[in-house]
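Here is the structure we will look at.
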Amino acid sequence: MLQQTTVAAVGPYYVAFLKRWPTVEALAAAPVEEVMSAWAGLGYYSRARNLHACARHVAHNLGGKFPDTEESLRALPGVGPYTASAIAAIAFAKRAAPVDGNIERVLARLYAVREPLPGAKPALRALAQELAPKERAGDFAQAMMDLGAMICTPKAPDCANCPWTEDCMGRALGLASVLPYRDAKAVRPLRRGAAFVVISTDDEVLLRRRPPKGLLGGMHEPPMSAWEVDFPANARAAPLKAAFRKLPGLVRHGFTHFELELEVYRVEGVATSAAPPATEWAPLRDLKRFALPTVMKKVIAHATADRDAGPLFKR
DNA sequence: AAGACGTGGGA
DNA sequence: TTCCCAAGTCT
(Lines give C-alpha, C1' and ligand atoms only; values in the text may rest on other atoms or scores of the structure.)
Protein backbone atom coordinates (compact mmCIF):
# COMPACT_ATOMS: atom_id res chain seq x y z
CA MET A 1 0.00 0.00 0.00
CA LEU A 2 2.80 2.36 0.80
CA GLN A 3 4.35 2.09 -2.67
CA GLN A 4 4.29 5.70 -3.95
CA THR A 5 1.62 6.56 -1.39
CA THR A 6 1.83 8.54 1.82
CA VAL A 7 1.33 7.04 5.26
CA ALA A 8 -1.57 9.44 5.85
CA ALA A 9 -3.41 8.23 2.74
CA VAL A 10 -2.74 4.56 3.49
CA GLY A 11 -3.67 4.56 7.18
CA PRO A 12 -7.44 4.03 6.98
CA TYR A 13 -7.12 1.51 4.14
CA TYR A 14 -4.53 -0.49 6.05
CA VAL A 15 -6.72 -0.66 9.14
CA ALA A 16 -9.78 -1.65 7.10
CA PHE A 17 -7.90 -4.33 5.14
CA LEU A 18 -6.48 -5.98 8.25
CA LYS A 19 -9.83 -5.93 9.96
CA ARG A 20 -11.59 -7.45 6.96
CA TRP A 21 -8.82 -9.89 5.98
CA PRO A 22 -6.71 -10.55 9.09
CA THR A 23 -4.63 -13.35 7.55
CA VAL A 24 -3.04 -14.16 4.23
CA GLU A 25 -5.46 -17.09 3.96
CA ALA A 26 -8.45 -14.77 4.45
CA LEU A 27 -7.24 -12.41 1.74
CA ALA A 28 -6.53 -15.34 -0.57
CA ALA A 29 -10.12 -16.56 -0.09
CA ALA A 30 -11.64 -13.18 -0.97
CA PRO A 31 -13.02 -12.52 -4.46
CA VAL A 32 -10.71 -10.14 -6.30
CA GLU A 33 -13.67 -7.81 -6.98
CA GLU A 34 -14.06 -7.23 -3.24
CA VAL A 35 -10.39 -6.42 -2.91
CA MET A 36 -10.65 -3.91 -5.76
CA SER A 37 -13.65 -2.25 -4.06
CA ALA A 38 -11.78 -2.02 -0.77
CA TRP A 39 -8.82 -0.46 -2.60
CA ALA A 40 -10.97 2.12 -4.44
CA GLY A 41 -9.56 5.61 -3.89
CA LEU A 42 -5.98 4.55 -3.14
CA GLY A 43 -4.79 4.61 -6.74
CA TYR A 44 -2.35 2.40 -8.67
CA TYR A 45 -4.92 -0.37 -8.80
CA SER A 46 -2.55 -3.02 -10.13
CA ARG A 47 -1.20 -3.08 -6.58
CA ALA A 48 -4.53 -4.43 -5.35
CA ARG A 49 -4.61 -7.14 -7.99
CA ASN A 50 -0.96 -8.01 -7.25
CA LEU A 51 -1.55 -8.08 -3.51
CA HIS A 52 -4.42 -10.50 -3.98
CA ALA A 53 -2.41 -12.68 -6.38
CA CYS A 54 0.46 -12.62 -3.90
CA ALA A 55 -1.81 -13.76 -1.05
CA ARG A 56 -3.16 -16.59 -3.18
CA HIS A 57 0.34 -17.70 -4.14
CA VAL A 58 1.57 -17.66 -0.55
CA ALA A 59 -1.55 -19.38 0.78
CA HIS A 60 -1.87 -22.00 -1.94
CA ASN A 61 1.71 -22.75 -2.96
CA LEU A 62 3.87 -21.75 -0.01
CA GLY A 63 1.82 -23.16 2.86
CA GLY A 64 0.91 -19.69 4.09
CA LYS A 65 4.55 -18.87 4.87
CA PHE A 66 6.23 -15.89 3.22
CA PRO A 67 9.70 -16.49 1.78
CA ASP A 68 12.47 -14.86 3.82
CA THR A 69 15.16 -13.94 1.31
CA GLU A 70 15.32 -10.90 -0.92
CA GLU A 71 15.56 -13.06 -4.04
CA SER A 72 12.56 -15.23 -3.23
CA LEU A 73 10.46 -12.28 -2.05
CA ARG A 74 11.29 -10.47 -5.29
CA ALA A 75 9.51 -13.25 -7.20
CA LEU A 76 6.13 -12.45 -5.59
CA PRO A 77 3.60 -10.38 -7.57
CA GLY A 78 3.87 -6.69 -6.76
CA VAL A 79 7.14 -7.14 -4.87
CA GLY A 80 9.99 -5.27 -6.55
CA PRO A 81 13.50 -4.48 -5.41
CA TYR A 82 12.46 -1.99 -2.75
CA THR A 83 9.72 -4.09 -1.15
CA ALA A 84 11.74 -7.32 -1.23
CA SER A 85 14.62 -5.59 0.49
CA ALA A 86 12.38 -3.85 3.02
CA ILE A 87 10.61 -7.10 3.99
CA ALA A 88 13.90 -9.00 4.25
CA ALA A 89 15.40 -6.34 6.50
CA ILE A 90 12.36 -5.40 8.60
CA ALA A 91 10.41 -8.66 8.86
CA PHE A 92 13.27 -11.17 8.71
CA ALA A 93 16.21 -9.22 10.17
CA LYS A 94 18.37 -9.82 7.11
CA ARG A 95 21.12 -7.43 6.11
CA ALA A 96 19.41 -5.67 3.23
CA ALA A 97 19.41 -2.06 2.06
CA PRO A 98 16.01 -0.93 0.79
CA VAL A 99 16.13 2.37 -1.11
CA ASP A 100 12.92 4.39 -1.37
CA GLY A 101 12.40 8.02 -2.33
CA ASN A 102 13.26 9.24 1.16
CA ILE A 103 16.52 7.31 1.29
CA GLU A 104 17.46 8.51 -2.19
CA ARG A 105 17.03 12.09 -1.03
CA VAL A 106 18.98 11.61 2.22
CA LEU A 107 21.87 9.89 0.44
CA ALA A 108 21.96 12.36 -2.45
CA ARG A 109 22.37 15.15 0.10
CA LEU A 110 24.70 13.37 2.49
CA TYR A 111 27.12 12.57 -0.36
CA ALA A 112 26.24 15.55 -2.58
CA VAL A 113 25.32 13.34 -5.51
CA ARG A 114 24.76 15.77 -8.39
CA GLU A 115 23.73 13.25 -11.02
CA PRO A 116 19.99 13.64 -11.58
CA LEU A 117 17.43 10.92 -10.84
CA PRO A 118 16.58 8.40 -12.09
CA GLY A 119 20.08 7.97 -13.53
CA ALA A 120 21.61 8.29 -10.07
CA LYS A 121 19.71 5.30 -8.71
CA PRO A 122 22.52 2.74 -9.12
CA ALA A 123 25.01 5.02 -7.38
CA LEU A 124 22.57 5.67 -4.54
CA ARG A 125 21.85 1.95 -4.16
CA ALA A 126 25.58 1.31 -3.89
CA LEU A 127 25.91 3.95 -1.17
CA ALA A 128 22.99 2.38 0.71
CA GLN A 129 24.65 -1.05 0.49
CA GLU A 130 27.86 0.31 1.99
CA LEU A 131 26.02 2.04 4.79
CA ALA A 132 23.68 -0.81 5.79
CA PRO A 133 24.77 -2.29 9.14
CA LYS A 134 25.03 -6.05 9.64
CA GLU A 135 22.79 -5.83 12.70
CA ARG A 136 19.35 -4.19 12.72
CA ALA A 137 19.43 -3.25 9.04
CA GLY A 138 15.64 -2.94 9.18
CA ASP A 139 15.77 -0.36 11.96
CA PHE A 140 18.50 1.47 10.08
CA ALA A 141 16.39 1.59 6.92
CA GLN A 142 13.35 2.82 8.79
CA ALA A 143 15.44 5.44 10.58
CA MET A 144 16.69 6.67 7.19
CA MET A 145 13.15 6.84 5.87
CA ASP A 146 11.91 8.71 8.94
CA LEU A 147 14.83 11.12 8.68
CA GLY A 148 13.80 11.80 5.11
CA ALA A 149 10.14 12.17 6.00
CA MET A 150 10.57 14.42 9.05
CA ILE A 151 13.93 16.25 8.86
CA CYS A 152 15.51 15.86 5.45
CA THR A 153 12.32 16.91 3.67
CA PRO A 154 12.11 17.74 -0.06
CA LYS A 155 11.71 21.53 0.09
CA ALA A 156 13.05 22.97 3.34
CA PRO A 157 15.17 20.45 5.25
CA ASP A 158 15.50 21.08 8.97
CA CYS A 159 19.29 20.80 8.95
CA ALA A 160 19.58 22.38 12.41
CA ASN A 161 17.92 19.29 13.89
CA CYS A 162 19.60 16.70 11.69
CA PRO A 163 21.97 14.23 13.35
CA TRP A 164 24.08 14.24 10.18
CA THR A 165 24.26 18.00 9.74
CA GLU A 166 28.05 18.09 10.33
CA ASP A 167 28.62 15.19 7.92
CA CYS A 168 26.39 16.38 5.11
CA MET A 169 28.34 17.23 1.97
CA GLY A 170 25.22 18.59 0.32
CA ARG A 171 24.75 21.06 3.14
CA ALA A 172 28.41 22.05 3.06
CA LEU A 173 27.98 22.93 -0.60
CA GLY A 174 24.72 24.77 0.01
CA LEU A 175 22.80 22.20 -2.03
CA ALA A 176 20.83 20.49 0.72
CA SER A 177 17.48 21.98 -0.21
CA VAL A 178 17.85 21.42 -3.98
CA LEU A 179 19.19 17.87 -4.07
CA PRO A 180 18.40 15.42 -5.47
CA TYR A 181 18.24 16.79 -9.00
CA ARG A 182 15.71 15.15 -11.31
CA ASP A 183 15.30 14.95 -15.06
CA ALA A 184 12.75 17.47 -16.32
CA LYS A 185 9.27 16.02 -16.25
CA ALA A 186 7.30 15.75 -19.47
CA VAL A 187 4.31 18.00 -19.97
CA ARG A 188 1.07 16.17 -19.39
CA PRO A 189 -1.24 16.17 -22.40
CA LEU A 190 -4.95 16.93 -22.08
CA ARG A 191 -7.57 14.36 -23.00
CA ARG A 192 -11.30 14.87 -23.19
CA GLY A 193 -14.38 12.67 -23.14
CA ALA A 194 -18.05 12.42 -22.25
CA ALA A 195 -19.53 10.39 -19.38
CA PHE A 196 -23.13 9.18 -19.27
CA VAL A 197 -24.81 8.97 -15.90
CA VAL A 198 -28.01 6.93 -16.11
CA ILE A 199 -30.27 7.03 -13.05
CA SER A 200 -33.00 4.42 -12.64
CA THR A 201 -36.48 4.80 -11.19
CA ASP A 202 -35.04 3.13 -8.06
CA ASP A 203 -32.18 5.65 -7.62
CA GLU A 204 -29.54 3.38 -9.03
CA VAL A 205 -26.72 4.39 -11.36
CA LEU A 206 -25.60 2.35 -14.36
CA LEU A 207 -22.02 1.05 -14.13
CA ARG A 208 -19.72 -1.14 -16.17
CA ARG A 209 -16.34 -2.63 -15.37
CA ARG A 210 -13.12 -1.57 -17.07
CA PRO A 211 -10.79 -4.18 -18.57
CA PRO A 212 -8.55 -5.84 -15.96
CA LYS A 213 -5.29 -4.34 -17.23
CA GLY A 214 -4.30 -0.78 -17.99
CA LEU A 215 -5.58 2.48 -16.58
CA LEU A 216 -7.99 1.96 -13.66
CA GLY A 217 -7.91 -1.74 -14.56
CA GLY A 218 -10.80 -3.76 -13.18
CA MET A 219 -12.55 -0.74 -11.70
CA HIS A 220 -16.17 0.36 -12.17
CA GLU A 221 -17.24 3.41 -14.17
CA PRO A 222 -20.34 4.94 -15.71
CA PRO A 223 -20.46 4.30 -19.45
CA MET A 224 -18.40 6.88 -21.31
CA SER A 225 -16.70 7.74 -24.55
CA ALA A 226 -13.05 7.15 -25.28
CA TRP A 227 -10.71 9.90 -24.07
CA GLU A 228 -9.19 11.78 -26.96
CA VAL A 229 -7.91 15.19 -27.98
CA ASP A 230 -11.42 16.61 -28.40
CA PHE A 231 -14.77 15.98 -26.81
CA PRO A 232 -16.87 13.57 -28.85
CA ALA A 233 -18.70 15.43 -31.61
CA ASN A 234 -22.09 14.13 -30.51
CA ALA A 235 -23.61 11.89 -27.84
CA ARG A 236 -23.07 8.80 -29.97
CA ALA A 237 -21.21 7.06 -27.18
CA ALA A 238 -24.35 6.96 -25.04
CA PRO A 239 -25.02 3.51 -23.60
CA LEU A 240 -28.72 3.58 -24.42
CA LYS A 241 -31.28 5.66 -26.26
CA ALA A 242 -32.62 8.18 -23.79
CA ALA A 243 -33.13 11.91 -23.33
CA PHE A 244 -29.69 12.75 -21.96
CA ARG A 245 -29.16 16.27 -20.79
CA LYS A 246 -25.68 17.78 -20.85
CA LEU A 247 -24.92 19.15 -17.41
CA PRO A 248 -23.15 22.47 -16.94
CA GLY A 249 -19.51 22.34 -15.97
CA LEU A 250 -16.79 19.74 -16.42
CA VAL A 251 -15.14 17.11 -14.29
CA ARG A 252 -11.37 17.62 -14.26
CA HIS A 253 -8.93 15.02 -13.03
CA GLY A 254 -5.17 14.69 -13.14
CA PHE A 255 -3.56 11.33 -13.78
CA THR A 256 0.12 10.55 -13.62
CA HIS A 257 0.76 11.15 -17.30
CA PHE A 258 -2.21 13.15 -18.63
CA GLU A 259 -5.02 15.41 -17.56
CA LEU A 260 -8.65 14.66 -18.21
CA GLU A 261 -11.72 16.79 -18.83
CA LEU A 262 -15.07 15.05 -18.87
CA GLU A 263 -18.41 16.37 -20.03
CA VAL A 264 -21.24 14.80 -18.05
CA TYR A 265 -24.57 13.79 -19.54
CA ARG A 266 -27.43 12.61 -17.37
CA VAL A 267 -30.82 10.99 -17.70
CA GLU A 268 -33.15 10.04 -14.86
CA GLY A 269 -36.13 7.77 -14.43
CA VAL A 270 -34.84 4.95 -16.63
CA ALA A 271 -36.51 1.56 -16.15
CA THR A 272 -34.32 -0.95 -14.32
CA SER A 273 -35.01 -3.45 -17.10
CA ALA A 274 -33.19 -1.18 -19.57
CA ALA A 275 -29.63 -2.03 -18.45
CA PRO A 276 -27.55 -2.92 -21.53
CA PRO A 277 -25.31 -6.02 -21.57
CA ALA A 278 -22.18 -5.89 -19.39
CA THR A 279 -23.64 -3.15 -17.21
CA GLU A 280 -25.19 -3.29 -13.77
CA TRP A 281 -27.21 -1.05 -11.48
CA ALA A 282 -25.52 0.37 -8.40
CA PRO A 283 -27.72 1.89 -5.68
CA LEU A 284 -26.67 5.52 -5.20
CA ARG A 285 -26.90 5.02 -1.45
CA ASP A 286 -24.70 1.94 -1.42
CA LEU A 287 -21.81 2.69 -3.74
CA LYS A 288 -19.23 1.46 -1.24
CA ARG A 289 -19.68 -2.06 -2.57
CA PHE A 290 -18.42 -0.91 -5.97
CA ALA A 291 -14.88 -0.33 -7.15
CA LEU A 292 -15.17 3.35 -8.00
CA PRO A 293 -11.92 5.25 -8.54
CA THR A 294 -11.84 8.86 -7.42
CA VAL A 295 -12.35 10.25 -10.91
CA MET A 296 -15.54 8.18 -11.30
CA LYS A 297 -16.81 9.29 -7.90
CA LYS A 298 -16.29 12.84 -9.12
CA VAL A 299 -18.41 12.14 -12.19
CA ILE A 300 -21.28 10.67 -10.15
CA ALA A 301 -21.06 13.45 -7.57
CA HIS A 302 -21.16 16.05 -10.36
CA ALA A 303 -24.21 14.40 -11.89
CA THR A 304 -26.11 14.15 -8.61
CA ALA A 305 -25.09 17.38 -6.91
CA ASP A 306 -28.48 19.04 -7.55
CA ARG A 307 -30.60 16.12 -6.43
CA ASP A 308 -28.80 15.30 -3.20
CA ALA A 309 -29.52 16.52 0.27
CA GLY A 310 -26.03 15.64 1.43
CA PRO A 311 -22.73 14.63 -0.09
CA LEU A 312 -22.86 11.24 -1.74
CA PHE A 313 -19.30 10.47 -0.81
CA LYS A 314 -18.26 11.36 2.66
CA ARG A 315 -14.69 11.08 3.66
C1' DA B 1 14.51 1.14 -21.06
C1' DA B 2 11.40 4.51 -20.93
C1' DG B 3 6.63 5.08 -20.20
C1' DA B 4 2.32 3.55 -17.91
C1' DC B 5 0.22 3.66 -13.76
C1' DG B 6 -3.72 7.44 -9.12
C1' DT B 7 -4.45 10.18 -5.59
C1' DG B 8 -4.30 13.52 -1.86
C1' DG B 9 -1.88 16.65 1.03
C1' DG B 10 1.34 20.26 1.78
C1' DA B 11 3.70 24.46 0.29
C1' DT C 1 -4.42 27.77 -7.94
C1' DT C 2 -0.75 25.18 -9.18
C1' DC C 3 3.03 22.34 -8.55
C1' DC C 4 5.44 18.75 -6.29
C1' DC C 5 5.83 14.16 -5.06
C1' DA C 6 5.22 10.12 -1.87
C1' DA C 7 7.76 3.24 2.04
C1' DG C 8 7.77 1.66 -6.72
C1' DT C 9 6.44 -2.05 -10.07
C1' DC C 10 5.59 -3.82 -14.47
C1' DT C 11 6.24 -4.23 -19.33
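Pairs under 9 Å by beta carbon, first residue within 13 Å of A:ALA226 (Cβ to Cβ) in the range A:178-196, partner open to solvent by 70 Å² or more (accessible area, probe 1.4 Å), six or more apart or different chains?
Hits for this filter: A:ARG191/A:GLU228; A:ARG191/A:VAL229; A:ARG191/A:GLU259; A:ARG192/A:GLU228; A:ARG192/A:VAL229; A:ARG192/A:ASP230; A:GLY193/A:GLU228; A:ALA194/A:LYS246.
Please pick out the residue among A:ALA301, A:ALA243, A:ALA238 that is under 12 Å from A:VAL197 (Cβ atoms), free of Cβ contacts under 8 Å to residues at least 40 places away in the same chain, in the same structural domain as A:THR201 (by TED's automatic domain parsing) and small (Gly, Ala, Ser). First the steps, then the outcome.
Working: A:ALA243 fails: under 12 Å from A:VAL197 (Cβ atoms); A:ALA238 fails: free of Cβ contacts under 8 Å to residues at least 40 places away in the same chain.
Result of the check over A:ALA301, A:ALA243, A:ALA238: A:ALA301.
Which of the helices (runs of 4 or more DSSP H) contained wholly in the range A:74-150 include at least 3 residues that are touching an Asp or Glu at 6+ places or on another chain (Cβ under 7 Å) and crowded, with 21+ Cβ neighbours inside 10 Å? Outline the logic, then answer.
Values: elements: A:81-90, A:101-110, A:121-131, A:137-150.
Result: A:81-90.
Restricting to the range A:194-223, count the residues that are on the phi < 0 side of the Ramachandran plot, surrounded by fewer than 17 Cβ atoms within 10 Å (Cβ to Cβ) and away from DNA strand B (no atom under 14 Å from the Cβ).
The total comes to 3.
Quick grid of which residues meet (1) among the β-branched types (Val, Ile, Thr); (2) within 16 Å of DNA strand B (Cβ to nearest atom); (3) modelled with pLDDT under 95:
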site	(1), (2), (3)
A:GLU70	no, no, no
A:ALA75	no, no, no
A:GLY80	no, yes, no
A:ALA86	no, no, no
A:ALA108	no, no, no
A:GLY119	no, yes, yes
A:ARG136	no, no, no
A:ALA141	no, no, no
A:ARG171	no, no, no
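Within the range A:56-70, which residues are farther than 20 Å from A:VAL32 by Cβ, of a type in the set (D, E, K, R) and either open to solvent by less than 90 Å² (accessible area, probe 1.4 Å) or within 25 Å of the chain's Cα centre (by Cα) (or both)?
A:ASP68, A:GLU70 - these are the residues of the range A:56-70 that are farther than 20 Å from A:VAL32 by Cβ, of a type in the set (D, E, K, R) and either open to solvent by less than 90 Å² (accessible area, probe 1.4 Å) or within 25 Å of the chain's Cα centre (by Cα) (or both).
Working only within the range A:48-68, note down all residues that are hydrophobic (A, V, I, L, M, F, W, C) and either within 16 Å of DNA strand B (Cβ to nearest atom) or assigned to a helix (DSSP H, G or I) (or both).
Going through the range A:48-68, the residues hydrophobic (A, V, I, L, M, F, W, C) turn out to be A:48, A:51, A:53-55, A:58-59, A:62, A:66.
Across the range A:48-68, the qualifying residues are A:ALA48, A:LEU51, A:ALA53, A:CYS54, A:ALA55, A:VAL58, A:ALA59.
Would you check if there is a residue in the range A:149-171 being closer than 20 Å to A:ASP68 by Cα, assigned by TED's automatic domain parsing to the domain that holds A:CYS54 and out of contact with any helix residue (DSSP H, G or I) (no Cβ under 7 Å at 6 or more places or on another chain)? Write out each step before concluding.
Let us first name the residues in the range A:149-171 that are closer than 20 Å to A:ASP68 by Cα, namely none.
Checking the range A:149-171: not a single residue is closer than 20 Å to A:ASP68 by Cα, assigned by TED's automatic domain parsing to the domain that holds A:CYS54 and out of contact with any helix residue (DSSP H, G or I) (no Cβ under 7 Å at 6 or more places or on another chain).
Exactly one condition in (1) modelled with pLDDT of 95 or more; (2) under 27 Å from the mean Cα position of the chain (by Cα) is false for A:ALA126; which is it?
All conditions pass for A:ALA126, except number (2).
Tally up the residues in the range A:271-296 that are under 17 Å from A:ALA242 (Cβ atoms), surrounded by 11 or more Cβ atoms within 10 Å (Cβ to Cβ) and polar (S, T, N, Q), please.
Summing the residues that are under 17 Å from A:ALA242 (Cβ atoms), surrounded by 11 or more Cβ atoms within 10 Å (Cβ to Cβ) and polar (S, T, N, Q) in the range A:271-296 gives 2.
The values are calculated or read from the model by the stated rules, or taken from the named source; none is laboratory data. All values derive from a computational prediction rather than experimental measurement. Glycine also receives a Cβ, built like all others from the backbone with ideal geometry; neighbour counts cover every protein chain displayed. The protein model used for the area step is the full one, side chains on, heavy atoms only, and it has no ligands, DNA or RNA in it. Shrake-Rupley method; radii C 1.70, N 1.55, O 1.52, S 1.80 Å.
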